[in-house]
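Worksheet: one structure, shown below.
Computed from the coordinates by the stated procedures, all read-outs in this text should not be read as laboratory data. Computed from a predicted model, the values in this text were never measured in an experiment. As a convention, Cβ positions derive from the backbone with ideal geometry for all residues, glycine included, and neighbour counts pool all protein chains shown.
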Amino acid sequence: MANETVVREEFLDMPGGRVHVLRGGTGAPLLFLHAAGGAGQWLQYHELLARRFEVIAPDHPGFGGSDDFPEVEGMDDLVYHYLDVLARLGLERPHVVGASFGGWLAAELAVHTPDAVGSLVLLSAAGLRIPEHPIADLFLMTPPQLAAALFHDMSKASAVFPPDPDVDTILAAYRDMAGLARFSWAPFLCNPKLERRLHRITAPTLVVWPSEDKLVPIAHGHRYAELIPNAAFAQVENCGHAMYFERPEEFAEITTEFLAMGAELSGASR
Amino acid sequence: MKFVFFHLMPYPYLPDDFDSKHPSPSLTFPNRFFDPQLGNQLYHRYLDELEHADTLGFDGIGVNEHHQTAYGLMPSPNIMAAALARRTQNAQIMVLGNAIGIRGNPLRVAEEIAMLDHLTNGRLASGFVRGIGWEHFAHSIDPTRSRDRFTEAHDLIIKAWTSDELFQWISPNYEYRYVNIWPRPLQKPHPPIYIPGAGSTETMKFVAEKRYTYMSVYAPSRVVRRWFDTYRQAAGELGYVPHPEKIGLSIPIYVAETDERAHREARPHLMWLFHRGLKQGPEIMFPPGYMTQSSMRGLLMAGMKPFPELTYEEIISEGYAIVGSPDSVANRIGELQEELGFGLIIGLFSIGDITHEQTVTSMELFAGHVIPAVRSLGAEVPEAVPAGT
């Protein structure tokens with residue numbers, strides 16, 4: 001699919017460093033919070049969302065094109081970082097869509113400042129601790145193991161895991177994983193207190209999970225949907241945790257439909 | 001030159017299908033393969049070997065720390081040092097080292113080492129390490145904080161040993177409102193410090209600044225050369241030439257009466273060490289953030305083969321190990337000393353699944369014939385720094 005959207009690359013100068021942002025499309029603002037992978041990438045999923053929304057996709061501290069921001073040490077700091085980013089972007093109540101690690105962040109943001117989120121979409125979000133359904137330890141996986149854990153349709157994996165990466169590609173991936181480790185080594189990919197705070201969320205919320213998620217078990221999705229007031233739940237069949245890398249059309253359609261329907265209801269705005 | 005008899009205390013009794021079934025002897029290798037009866041015998045055998053090294057005249061006997069692995073059975077090296085303290089007489093007892101970065105409470109290390117310094121009557125040497133990659137999984141320590149934790153813990157321990165006044169310690173990773181350790185160490189200002197490094201320039205600069213001893217880890221001599229040169233360069237930038245005894249080469253050594261016999265006997269045990277003991281993939285060796293971007297780049301560019309892919313011939317020819325008759329081993333040490341400029345050998349004699357008898361024969365030949373032949377090497381600060389620095 002050819003890009004129809006003009007994608008703008010921006011850097012936000014913040015007190016602790018620069019934030020790399022990709023921005024494209026017109027419509028209600030949609031803040032996209034990326035997963036462990038995917039920083040700095042404008043994918044087909046973003047392109048499809050940009051047909052209805054103004055998609056704003058920053059890279060987290062220590063990921064992609066953003067600086068390290070070493071003082072952003074944990075998830076609590078990261079939430080304040082994003083409150084600053086929202087203020088800097090002049091966004092009051094954007095739609096917030098977060099995937100995996102970014103989904104955890106989106107939930108924390110909506111818990112911390114419920115009014116800052118117009119509506120919320122959590123895509124296979126990390127963040128909960130369910131000992132009987134542990135999140136798989138992606139830090140311990142070799143690249144082939146990680147590919148197998150992320151994708152249900154392995155034919156889609158080669159685009160994300162090139163067979164012979166060069167040194168710079170390896171180092172960029174190592175940096176992104178270090179960014180993830182900083183926020184999620186221990187407690188592992190969760191905030192044990194998040195679950196009991198989810199009741200604070202006021203934004204209309206959709207929880208979306210791929211049926212074949214080998215990384216974050218679907219029980220986490222059910223838990224989110226159960227504890228966030230009035231949350232809806234949708235499942236995408238025959239898809240792995242890589243979600244919009246694997247089935248971008250379905251994920252974009254589900255996201256767009258929910259946000260478009262809920263836009264007026266939620267009062268999403270700049 | 002000074003000589004250390006170093007032990008890893010491996011658990012050699014791996015299952016027959018280890019090579020095909022298990023990615024590593026570490027972290028996830030199930031502990032059901034640890035037989036307590038055999039393990040019990042191993043501890044006493046290995047301690048006997050360390051004690052024997054003391055009677056043979058080795059300058060030091062060394063132990064180290066590893067967690068959740070058949071590679072080495074010393075989660076607490078300080079316990080091993082305590083076991084050796086009153087059963088040895090002359091050798092320096094070298095803890096190489098405590099993994100202060102993964103200790104939840106590094107002040108405990110300051111206390112234990114101070115105690116050991118008294119138990120050994122001032123024969124203790126204190127090594128500090130960050131903790132190896134997989135140990136950050138094993139002890140739930142964020143590897144992105146590994147270097148900061150190491151540096152802060154080091155500074156805390158040194159200050160705890162040397163301050164004669166109660167103080168408060170506050171750093172990003174540690175807070176102690178009352179630091180006032182009893183006992184203080186016996187040695188003044190504190191036991192000598194040894195730091196192993198695997199090529200990180202941050203570590204070399206740190207060691208040079210503090211004038212500690214820099215030790216290599218297992219690597220080919222061309223790579224060790226670069227590390228030692230960079231260390232000497234870091235010292236040079238601070239205006240001094242390090243004494244060769246501040247540069248330690250860690251290397252497995254096997255001595256037998258003839259070259260032919262030595263190679264025949266050493267081969268399977270070196271292969272165990274490099275192909276089984278050191279079968280550790282990058283995902284457990286270098287968890288995210290454990291290496292800085294520049295050190296990781298250096299590692300990727302160094303082009304070192306993974307240990308399990310080394311042939312025996314490469315292990316010998318590239319300087320990963322020294323094997324031969326006493327004369328051959330002495331000659332090889334002379335060659336390596338000239339190339340690398342070290343004045344300290346940290347020798348691993350109990351290699352992989354080697355027997356106790358072989359270990360004893362090898363260490364006795366080394367002490368009786370090799371040490372006297374090479375003792376004078378690396379004893380003085382060279383007038384000119386070796387070429388290439």
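What single numbered condition from (1) under 20 Å from the mean Cα position of the chain (by Cα); (2) of a type in the set (Ser, Thr, Tyr); (3) away from chain A (no Cβ under 14 Å) fails to hold for B:Tyr290?
(3)
Residue-wise test of (1) out of contact with any Gly (no Cβ under 7 Å at 6 or more places or on another chain); (2) within 21 Å of A:Leu140 (Cβ to Cβ); (3) charged (D, E, K, R).
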residue: A:Ala178; (1), (2), (3): no, yes, no
residue: A:His199; (1), (2), (3): yes, no, no
residue: A:Asp213; (1), (2), (3): no, yes, yes
residue: A:Tyr224; (1), (2), (3): yes, no, no
residue: A:Glu237; (1), (2), (3): yes, no, yes
residue: A:Pro248; (1), (2), (3): yes, no, no
residue: A:Ile254; (1), (2), (3): yes, no, no
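Could you tell me whether any residue of region B:178-186 is touching a residue at least 24 places away in the same chain (Cβ under 8 Å) and over 20 Å from B:Leu116 (Cβ atoms)?
Within region B:178-186, not a single residue is touching a residue at least 24 places away in the same chain (Cβ under 8 Å) and over 20 Å from B:Leu116 (Cβ atoms).
With respect to the numbered conditions (1) farther than 23 Å from A:Val160 by Cβ; (2) under 13 Å from the mean Cα position of the chain (by Cα), which one is the sole condition not fulfilled by A:Ala99?
Condition not satisfied by A:Ala99: (1).
Which of the residues spanning region B:178-208 are outside any loop (DSSP other than H, G, I, E, B) and farther than 20 Å from B:Pro106 by Cβ?
Listed by number, the residues that qualify are B:Thr201, B:Met204, B:Lys205, B:Ala208.
Looking at A:Leu180, A:Leu189, A:Leu128, which is the one that is among the hydrophobic types (A, V, I, L, M, F, W, C), closer than 25 Å to B:Ala138 by Cβ and either without any contact (Cβ under 8 Å) to a residue 40 or more places away in the chain or within 12 Å of chain B (Cβ to nearest Cβ) (or both)?
A:Leu180
Against the definition (free of Cβ contacts under 8 Å to residues at least 60 places away in the same chain and closer than 19 Å to A:Leu120 by Cβ), how does A:Gly40 come out, yes or no?
On the way: free of Cβ contacts under 8 Å to residues at least 60 places away in the same chain: yes; closer than 19 Å to A:Leu120 by Cβ: no.
When the stated conditions are applied, A:Gly40 does not pass them.
Return the residues of region A:110-124 that are surrounded by fewer than 24 Cβ atoms within 10 Å (Cβ to Cβ) and in a helix (DSSP H, G or I); say none if nothing qualifies.
A:Val111, A:His112, A:Pro114, A:Asp115, A:Ala116 - these are the residues of region A:110-124 that are surrounded by fewer than 24 Cβ atoms within 10 Å (Cβ to Cβ) and in a helix (DSSP H, G or I).
Identify all residues within region B:118-166 that are hydrophobic (A, V, I, L, M, F, W, C), away from every other protein chain (no Cβ under 12 Å), touching a residue at least 24 places away in the same chain (Cβ under 8 Å) and out of contact with any Ser or Thr (no Cβ under 8 Å at 6 or more places or on another chain); write none if there are none.
Hits for region B:118-166 are B:Leu119, B:Leu124, B:Ala125, B:Phe128, B:Val129, B:Ile132, B:Phe150, B:Ala153, B:Ile157, B:Ile158, B:Ala160, B:Trp161.
Out of the residues in region B:32-58 that are out of contact with any helix residue (DSSP H, G or I) (no Cβ under 9 Å at 6 or more places or on another chain) and closer than 19 Å to B:Trp272 by Cβ, which is surrounded by the most Cβ atoms within 10 Å (Cβ to Cβ)?
Filtering region B:32-58 for residues that are out of contact with any helix residue (DSSP H, G or I) (no Cβ under 9 Å at 6 or more places or on another chain) and closer than 19 Å to B:Trp272 by Cβ, the one surrounded by the most Cβ atoms within 10 Å (Cβ to Cβ) comes out as B:Leu42.
In this structure, is B:Val329 assigned to a helix (DSSP H, G or I), crowded, with 22+ Cβ neighbours inside 10 Å and touching a residue at least 60 places away in the same chain (Cβ under 8 Å)?
Yes.
Hey, among B:Phe150, B:Phe128, which residue is in a helix (DSSP H, G or I) and closer than 14 Å to B:Asn98 by Cβ?
Working: B:Phe128 fails: in a helix (DSSP H, G or I).
The match here is B:Phe150.
Quick one: which strands (runs of 3 or more DSSP E) sit completely within region A:1-95 and have at least 3 residues that are closer than 20 Å to A:Arg175 by Cβ?
A:8-14, A:17-24
Of (1) within 14 Å of another protein chain (Cβ to nearest Cβ); (2) under 21 Å from the mean Cα position of the chain (by Cα), B:Trp272 satisfies all except one. Which?
(1)
Can you work out which of the residues in region A:166-177 that are within 8 Å of another protein chain (Cβ to nearest Cβ) and either of a type outside the set (D, E, K, R) or in a loop (DSSP other than H, G, I, E, B) (or both) is surrounded by the fewest Cβ atoms within 10 Å (Cβ to Cβ)?
The residue in question is A:Val167.
Considering region B:7-48 alone, what residues qualify as being closer than 24 Å to B:Val129 by Cα and assigned to a helix (DSSP H, G or I)?
Residues of region B:7-48 that are closer than 24 Å to B:Val129 by Cα, as a first pass: B:7-11, B:24-29, B:43, B:46-47.
Within region B:7-48, B:Tyr43, B:Tyr46, B:Leu47 meet the criteria.
Please work out which one of (1) without any contact (Cβ under 8 Å) to a residue 60 or more places away in the chain; (2) among the basic types (Lys, Arg); (3) assigned to a helix (DSSP H, G or I); (4) more than 14 Å from chain A (Cβ to nearest Cβ) is the condition B:Lys305 fails and give its number.
Among (1) without any contact (Cβ under 8 Å) to a residue 60 or more places away in the chain; (2) among the basic types (Lys, Arg); (3) assigned to a helix (DSSP H, G or I); (4) more than 14 Å from chain A (Cβ to nearest Cβ), B:Lys305 violates only (3).
Just to be sure before I move on: is B:Pro220 away from every other protein chain (no Cβ under 14 Å), under 21 Å from the mean Cα position of the chain (by Cα) and in contact (Cβ under 8 Å) with a residue 40 or more places away in the chain in the structure I sent?
Details: away from every other protein chain (no Cβ under 14 Å): yes; under 21 Å from the mean Cα position of the chain (by Cα): yes; in contact (Cβ under 8 Å) with a residue 40 or more places away in the chain: yes.
Judged against the criteria, B:Pro220 is a match.
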